[in-house]
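Values quoted throughout were computed directly from the atomic coordinates according to the rules given, and no laboratory measurement underlies them. Given the structure is predicted, the values throughout are model-derived calculations rather than measurements. Every residue, glycine among them, receives a Cβ derived from its backbone with ideal geometry; neighbour counts consider all protein chains shown.
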Amino acid sequence: MRSRTSGLGLLLISPAMLLLAIFFFTPALLTGVFSFTNMSSSTGISGGAYVVTPNLLKALSARGMQPATIEALEEASYSVDADGLAAARAADVDPAFLDEIEARYAGRAYATDSDFLAALKDLPSRPRRIRDLKLAMEPFTKSVLNVRFATEELARTAIAERVAGISDDEMATLLSESYTGWVWTTENFGKLFAGHETWRIIANTIFYVATTLTLFNVTLGLFLAVTTFYLPKKLGAIFTVIWLLPRITPVVLYAIMWKWFTWDDGFVAVLAGELGLPSFNYMKGSVTSAWTIVIMVNGFIGASFGMILFSGALRSIPIQQLWASEVDGATRWQQVRYIILPQLRWPILFVTSYQTLSLLTSYQEIWLTTNGGPGSTTTVWALESFRTALFNYSGSLQYGLGAAMALLLVAVGLMLSIIYLRLFRFGELVTQPKIEF
Amino acid sequence: MTRNFSIWPVVLILLLISAPIVIMYSYLALGTVTTTEPGDLLPSKLALDNWRFLFDTSTAAGNIWIATLNTFVFAASIMVIVLTVSATGGYAMSRLNLPFRRFVLSGIMVMHAFPSVTLIIGVFLVLQFTGLYDTMIGVILVKASLMLPFGIWIMKGFYDAVPWEIEMAGVQDGASRFTVWRRLILPQVRAGLVALGLFAFLDGWGEYVLPRILAPTNDFRVLSIVLELVGNPDRTNYDFDLFKTVGVFYTLPVLVIFVFFQHRLMDIFGGGTKG
């Protein structure tokens, strides 16, 4: 029987759908779309203008643009109009002189420097010094250089006016090169695959995920769960709480505590100094120690995830099995090896897969501790993408390139989450509702 | 069970691997009431003046009470949004017939498993286009929305566990489905609402990256931003004891909530999305 759609259901679900559409679905889509642009903080986000700069002309000339075109673009001309007069007034040119210019030459245009200069020298109240005269000329300059044209049409007309008979090719090059806004491009992916840093960051990421996962999230999580299970209840609870602390502490406090723990006159360095061991900033001093700290910082949070899950699974093992094994004279190790571990197979698989995904995309802790250093030795993919697009000290943020990096993560994340859902048969949870009218 | 093993070696190993946490947190607590000379391991003298930031606004922490109020408003707004939207959405997903229900539900599950931090660049662009960039409303909406798949999923689980006879009885007596949900079902899932509300509040309370990146110059400063400022060694009036004290002040509410609601929270931490 097909039941009809519940109007109330649509009403109740709509706020959730709306928020998810705006802040989940659209960002995912935009990450995909803008990874094919060269959007950055210098191109701006909402589009740009057309500006021909002297530097651009130099570059174009080196690339073989006609010298005649370049010269025509570089050349300035002068015209006496309202704008120019207003600019001159603002620039403190002698008002009497300006009045004369307005009276005699209003509306005229001059193609070259010398023409305009000659015209001005005819005026009685002109400045005596030639330098002042040149300064007075400046506000009347008409040039395409360094002028922002809001639309392509405006830029096209202005360029065509200056360079009579410019070829279509050259016009197209000029327009595309002078555009300051973002444009569609596939260069981001090319850059990613060509850069030698890319492979190093990928290797870093794999090393980081694999090591943290095996050492802390799974092994230490298991160890904590099993030991607290066997310890007297109160003692076990103390260790459980200790290991939950990193998880519930706000991330800034947690990260800076690690910084204090490992920096020059922090605890580890001072202790090592007193014991006669090498004492330095362990977080940034050497690659090995930096990696150790990064893995520990994340692992200490991750271990509690495994601990909670494995503890729950442990308690659901029928206690009679353990009693029976003790009657047969099994040691604790044999109990763990032959009874507990086989029954924890699914939780272990779950923790492994779930935490792979979350480690793969975590960057907060690394960002706040080593920030990928020393050099870029502890930089992982998620951190690099975040820093490229949203946060670095130079301030030039490359949204497009960062989005391309994030897109790869989004793709991997999406693929893995779908695989996990299949793996753990979550399909059973989406069965039809029981009650429907 | 019999004690066919001695527990001391195990406790010793546990203590050894827990040492970094124990040391860091003990020093954190000690640092709030003592001062330690640089280069020394042990604190040298008692000093309660680390707490002066509570009433003295001239320290690096600024006016701590405004930041605390801001953080509270921030976390509470997130909690309210997550709770209302998840409570309604979860019910619709659990009990009501919707078009593409299976598809939507799988979508929500994928989003739940999906690491939302990778979306931050896309979120940044969305906020830029909608004009919500650098506003706290934007950050609150983003943070709450990113928690929604988790919240809807948890609430659906709680609704699924409510016996459908309760609902049936209500409908038989002539109540509308909305009244049944409001008067009969919601009280049944109170445990879920409390757990989810606490979780959302704590998550909002500790949030750092989103306000830092999506509202960098906003005057609405939350405690995590203040703490990061105080803990930055490049500052001229850098004071690490002050950092520790502000840090403890910041974490105390979390610890209190955690101590009182540990059992309710434990179930939900397993499904959390952190590290």
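Quick check: Cα centre of the range A:63-84 to Cα centre of the range B:6-71, how many Å?
67
Can you give the relative contact order of the range B:38-174 as a percent, counting alpha carbon pairs under 8 Å and 6+ residues apart?
33
Express as a percent, rounded to the nearest 5, the fraction of DSSP beta bridges in the protein assembly as shown (both residues included) that run antiparallel.
90
Between the helical axis of B:240-269 and the dominant principal axis of chain B, each derived from Cα atoms, what acute angle in degrees is found, rounded to the nearest 10?
30
Across peptide B:103-114, what mean number of C-beta atoms from other chains lies inside 10 Å of a residue's C-beta?
Going residue by residue through B:103-114 and averaging, the value is 6.
Sort A:121-133, A:6-18 for me by packing, meaning the mean count of neighbouring Cβ atoms within 10 Å per residue, highest on top.
Ranked from most to least packed, the peptides come out as A:6-18, A:121-133.
Please quote Rg/Rh for chain B to two decimal places, taking the Kirkwood radius as Rh and restricting both calculations to Cα atoms.
In chain B, Rg relative to Rh is 1.06.
From the alpha carbon gyration tensor of chain A, can you work out the equivalent ellipsoid semi-axes (sqrt of 5 times each eigenvalue) and give them in Å, largest to smallest?
So the three semi-axes of chain A are 69, 30, 19 Å.
Restricting to DSSP H runs of at least four residues, report the calculated mean residue ellipticity at 222 nm for the protein assembly as shown, -39500 (n - 2.57) per run over all residues, nearest 500 deg cm²/dmol. Write out the running numbers ahead of the final one.
Values: 33 runs with 444 residues, N = 712.
Calculated from helices alone, the mean residue ellipticity at 222 nm is -20000 deg cm²/dmol.
So for B:193, B:42, fewest C-beta neighbours within 10 Å to most, what's the order?
B:42, B:193
Nearest 10 degrees is fine. How inclined is helix B:101-113 to the longest principal axis of chain B, computing both from alpha carbons?
10
I need to check one value: relative contact order of chain A, counting alpha carbon pairs closer than 8 Å and at least 6 residues apart, in percent.
22
Relative contact order (percent) for the range B:7-52, with alpha-carbon contacts under 8 angstrom and 6 or more residues of separation?
Normalised by residue count, the contact order of the range B:7-52 is 26 percent.
Near residue A:229, within a Cβ-to-Cβ distance under 13 Å, what is the net charge of the other residues, with Lys and Arg +1 and Asp and Glu -1? Numbers along the way, then the final one.
Details: positive: A:233, A:315, A:332; negative: none.
Neighbourhood net charge equals +3.
If we sort B:63-69, B:247-253, A:275-281 on the protection proxy, mean other Cβ atoms within 10 Å, highest first, what's the order?
B:247-253, B:63-69, A:275-281
Please state the equivalent ellipsoid semi-axes for the range A:195-397: what are the square roots of 5 times the Cα gyration tensor eigenvalues, largest first, in whole Å?
Sorted largest first and rounded, they come to 36, 21, 14 Å.
What shape does the range A:76-142 take by its C-alpha gyration tensor, where a ≥ b ≥ c are the square roots of the eigenvalues and a/c under 1.5 counts as rounded, a/b above b/c as prolate, and the rest as oblate? It would help to have the intermediate numbers written out before the result.
Values: a/c = 1.26, a/b = 1.08, b/c = 1.17.
Rounded, because the longest to shortest axis ratio a/c is under 1.5.
Arrange the following residues from fewest to most other Cβ atoms within 10 Å of their Cβ: A:69, A:198.
So the residues, fewest neighbours to most, are A:198, A:69.
Calculate how steeply helix A:221-230 sits against the longest principal axis of the alpha-carbon atoms of chain A, using the helix alpha-carbon long axis, and give the answer as 0 to 90 degrees to the nearest 10.
Its long axis makes an angle of about 30 degrees.
Scan chain B and report its longest stretch carrying no trypsin sites (Lys or Arg not before Pro) that are both in a DSSP loop and have at most 15 other Cβ atoms within 10 Å.
For trypsin sites (Lys or Arg not before Pro) (loop position, at most 15 other Cβ atoms within 10 Å), the longest site-free span of chain B is B:4-234.
Please give every one of the aspartates and glutamates within straight-line cross-link reach of residue A:191, meaning a C-alpha to C-alpha distance under 18 Å, and leave out same-chain neighbours fewer than 8 residues apart.
Cα-Cα hits under 18 Å: A:384.
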